[in-house]
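A.B. asks: So that we are looking at the same thing, I have put the structure below in structure tokens.
The values are calculated or read from the model by the stated rules, or taken from the named source; none is laboratory data. Computed from a predicted structure; not experimentally measured. Please note: Cβ atoms are built from the backbone with ideal geometry, for glycine as well, and neighbour counts cover all protein chains shown. The protein model used for the area step is the full one, side chains on, heavy atoms only, and it has no ligands, DNA or RNA in it. Shrake-Rupley method; radii C 1.70, N 1.55, O 1.52, S 1.80 Å.
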Amino acid sequence: MATHYHQYHLNNNYFQHPLEFGNLSLIQLGRCYCNADFQMMGEHEDFFELTVVNSGKGTLITGETEVKVGRGDVHLGGPWEMHGIISDHSDPLKYDFFAFRLKNQEHRERLMQIIGERPTAADRLFQSENVVSLVANAIWELHNEEYCSKELLCHMFEQIVIYVIRAFQPKQKKHARGVDTVDSEILCYQIMHYIDTHIYTIKKLSEIAEALSYNYSYLSNLFKVTTGRSIMDYFYEQRLEAAKNMILDQKMSITKVADKLNYPSLYSFSRMFKNRYGCSPDAYRKNNGVIAPLEKEKSSKKEALPLPTDAGSAE
């Protein structure tokens, strides 16, 4: 039995007539913005499901086990399981969901093996910027009528499944040995790629070393010798580039930009942004003619008046 309380629920439901995308049958794909009292409990049919937490906090239930979740967490659910979600009262969940069946027997067997070896909710939890991004893009693309939309979705869904399988594979240990020039360049590329694809979730740079199964000091020295700059410099640069794009494209408040990129404070973010670009985030937004969220809302209520030329940040 399920109880639902949500502010907004985009539910593309194809239980009765699944949509076919190559080796995958799409059962359900959408997004839920929960109210404080949201809770859901039900039994899966013969399909897999990913729950991708975009923001907020809550509890995911698999069978009789529970796990606390937050932004960036992804949970894998299996066929014929009891599955539940309870949203935090003070910080409600916003999450994407993706339910599917697989015709690719190898991929299906690998997912079933993962589920068999990891029976609890906590065992099925992982983080992957690739999966988060692909699921969100697929929701958008599902109703897109542009060129090759269905073909693009086929590739997106296949990538999602592969990234999920990879997330549960044991990491290969690297041998403690020296690397030649080619190896060092490849390793530096892997470091940069990890930073680029995890820019919203990295909280400490030692995570990179853990992901690549190397000592951080070793990676730091190798990166400096090979590229002429430190890993920290590269991370700071990419994080600020992401912030700049979010200010221009997503039009969210400066405070939310700083929070999403894990800056310790708004002051720290503003100071580092000004050091690199020569102006504050607010000034950068105004100089590029972007209307901040609150200003945009106000302007929409004054249709008889021209749009403001000066747009401040919604802090």
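A.B. asks: If I ask for residues that are touching a residue at least 40 places away in the same chain (Cβ under 8 Å), hydroxyl-bearing (Ser, Thr, Tyr) and within 22 Å of ALA167 (Cβ to Cβ), which ones from region 198-252 would you list?
C.D. replies: Of everything in region 198-252, those that are touching a residue at least 40 places away in the same chain (Cβ under 8 Å), hydroxyl-bearing (Ser, Thr, Tyr) and within 22 Å of ALA167 (Cβ to Cβ) turn out to be TYR200, THR201, SER213, TYR214.
A.B. asks: Output the number of residues of region 115-152 satisfying the condition of being modelled with pLDDT of 90 or more, polar (S, T, N, Q), more than 23 Å from THR62 (Cβ to Cβ) and over 13 Å from the mean Cα position of the chain (by Cα).
C.D. replies: 1
A.B. asks: With (1) buried (at least 20 other Cβ atoms within 10 Å of the Cβ); (2) touching a helix residue (DSSP H, G or I) at 6+ places or on another chain (Cβ under 8 Å) as the list, and LEU125 as the residue in question, which single condition is left unmet?
C.D. replies: (2)
A.B. asks: Out of all the residues in region 43-52, is one or more over 17 Å from the mean Cα position of the chain (by Cα) and in contact (Cβ under 8 Å) with a residue 60 or more places away in the chain? Break it down stepwise before answering.
C.D. replies: Just the residues of region 43-52 that are over 17 Å from the mean Cα position of the chain (by Cα), to begin with: 43-48.
Right, trim to in contact (Cβ under 8 Å) with a residue 60 or more places away in the chain and you get 48.
Looking for residues that are over 17 Å from the mean Cα position of the chain (by Cα) and in contact (Cβ under 8 Å) with a residue 60 or more places away in the chain, one finds at least one in region 43-52, hence yes.
A.B. asks: Kindly list, by first and then second residue, each pair from a residue in region 82-98 that is in a strand (DSSP E or B) to a residue that is of a type in the set (Phe, Trp, Tyr), limited to pairs with Cβ atoms under 7 Å and residues at least 6 apart or on different chains.
C.D. replies: Going by the 7 Å Cβ cut-off, the qualifying pairs are SER87/PHE38; LYS94/TYR33.
A.B. asks: State the number of residues belonging to region 1-20 that are modelled with pLDDT under 90, open to solvent by less than 70 Å² (accessible area, probe 1.4 Å) and assigned to a loop (DSSP other than H, G, I, E, B).
C.D. replies: Looking only at that region, the number is 2.
A.B. asks: Confirm whether LEU19 is free of Cβ contacts under 8 Å to residues at least 12 places away in the same chain and either touching an Asp or Glu at 6+ places or on another chain (Cβ under 6 Å) or hydrophobic (A, V, I, L, M, F, W, C) (or both). Steps first, please.
C.D. replies: Details: free of Cβ contacts under 8 Å to residues at least 12 places away in the same chain: yes; either touching an Asp or Glu at 6+ places or on another chain (Cβ under 6 Å) or hydrophobic (A, V, I, L, M, F, W, C) (or both): yes.
Spelling it out, LEU19 is indeed free of Cβ contacts under 8 Å to residues at least 12 places away in the same chain and either touching an Asp or Glu at 6+ places or on another chain (Cβ under 6 Å) or hydrophobic (A, V, I, L, M, F, W, C) (or both).
A.B. asks: Provide a single number: the residues in region 261-279 that are assigned to a helix (DSSP H, G or I) and among the aliphatic types (A, V, I, L, M).
C.D. replies: Filtering region 261-279 for residues assigned to a helix (DSSP H, G or I) gives 266-277.
Now drop any that are not among the aliphatic types (A, V, I, L, M), which leaves 266, 272.
The qualifying residues number 2.
A.B. asks: How many of the residues making up region 243-254 are surrounded by 16 or more Cβ atoms within 10 Å (Cβ to Cβ) and of a type outside the set (D, E, K, R)? So that I can check it myself, show each step before the final result.
C.D. replies: Taking region 243-254 as the starting set, the residues that turn out to be surrounded by 16 or more Cβ atoms within 10 Å (Cβ to Cβ) are 243-244, 246-247, 251-254.
Subsequent filtering for residues that are of a type outside the set (D, E, K, R) retains 243, 246-247, 252-254.
The qualifying residues number 6.
A.B. asks: Just name the residue that is nearest to VAL132 (Cα to Cα) out of those in region 62-72 that are assigned to a loop (DSSP other than H, G, I, E, B) and open to solvent by 60 Å² or more (accessible area, probe 1.4 Å). Can you show your working first?
C.D. replies: The initial filter retains those residues of region 62-72 that are assigned to a loop (DSSP other than H, G, I, E, B), namely 63-64, 70-72.
If we keep only those that are open to solvent by 60 Å² or more (accessible area, probe 1.4 Å) as well, we get 64, 71.
Numbers: GLU64: 26, ARG71: 10 Å.
If we take residues in region 62-72 being assigned to a loop (DSSP other than H, G, I, E, B) and open to solvent by 60 Å² or more (accessible area, probe 1.4 Å), then ARG71 is nearest to VAL132 (Cα to Cα).
A.B. asks: A further question follows. Looking at THR59, is it surrounded by fewer than 18 Cβ atoms within 10 Å (Cβ to Cβ), in a strand (DSSP E or B), at pLDDT 95 or above and of a type in the set (Val, Ile, Thr)?
C.D. replies: Details: surrounded by fewer than 18 Cβ atoms within 10 Å (Cβ to Cβ): yes; in a strand (DSSP E or B): yes; at pLDDT 95 or above: yes; of a type in the set (Val, Ile, Thr): yes.
Taking the combined requirement at face value, the residue satisfies it.
A.B. asks: With respect to ASN130, is the statement that it is open to solvent by 60 Å² or more (accessible area, probe 1.4 Å), polar (S, T, N, Q) and in a helix (DSSP H, G or I) true?
C.D. replies: Values: open to solvent by 60 Å² or more (accessible area, probe 1.4 Å): no; polar (S, T, N, Q): yes; in a helix (DSSP H, G or I): yes.
Spelling it out, it is not the case that ASN130 is open to solvent by 60 Å² or more (accessible area, probe 1.4 Å), polar (S, T, N, Q) and in a helix (DSSP H, G or I).
A.B. asks: Under 8 Å between Cβ atoms, at least 6 apart or on separate chains: pull out the pairs that start in region 254-265 with a residue that is on the phi < 0 side of the Ramachandran plot and end on any residue that is open to solvent by 60 Å² or more (accessible area, probe 1.4 Å) and in a helix (DSSP H, G or I).
C.D. replies: The qualifying pairs are ILE254/LEU266; THR255/LEU266; ALA258/LEU266.
A.B. asks: Does SER313 satisfy being over 18 Å from ASP196 (Cα atoms), touching a helix residue (DSSP H, G or I) at 6+ places or on another chain (Cβ under 6 Å) and either loosely packed, with under 12 Cβ neighbours inside 10 Å or at pLDDT below 60 (or both)?
C.D. replies: On the way: over 18 Å from ASP196 (Cα atoms): yes; touching a helix residue (DSSP H, G or I) at 6+ places or on another chain (Cβ under 6 Å): yes; either loosely packed, with under 12 Cβ neighbours inside 10 Å or at pLDDT below 60 (or both): yes.
In short, yes.
A.B. asks: Name every residue in region 202-223 that is part of a helix (DSSP H, G or I) and surrounded by 15 or more Cβ atoms within 10 Å (Cβ to Cβ), in order of residue number. Steps first, answer last, please.
C.D. replies: First, pick out the residues of region 202-223 that are part of a helix (DSSP H, G or I): 206-212, 216-223.
Within region 202-223, GLU207, ILE208, ALA209, LEU212, TYR216, LEU219, SER220, LEU222, PHE223 meet the criteria.
A.B. asks: Let me ask something else. Taking into account only those residues within region 43-56 that are open to solvent by 20 Å² or more (accessible area, probe 1.4 Å) and not in a strand (DSSP E or B), which is modelled with the highest pLDDT?
C.D. replies: ASP46
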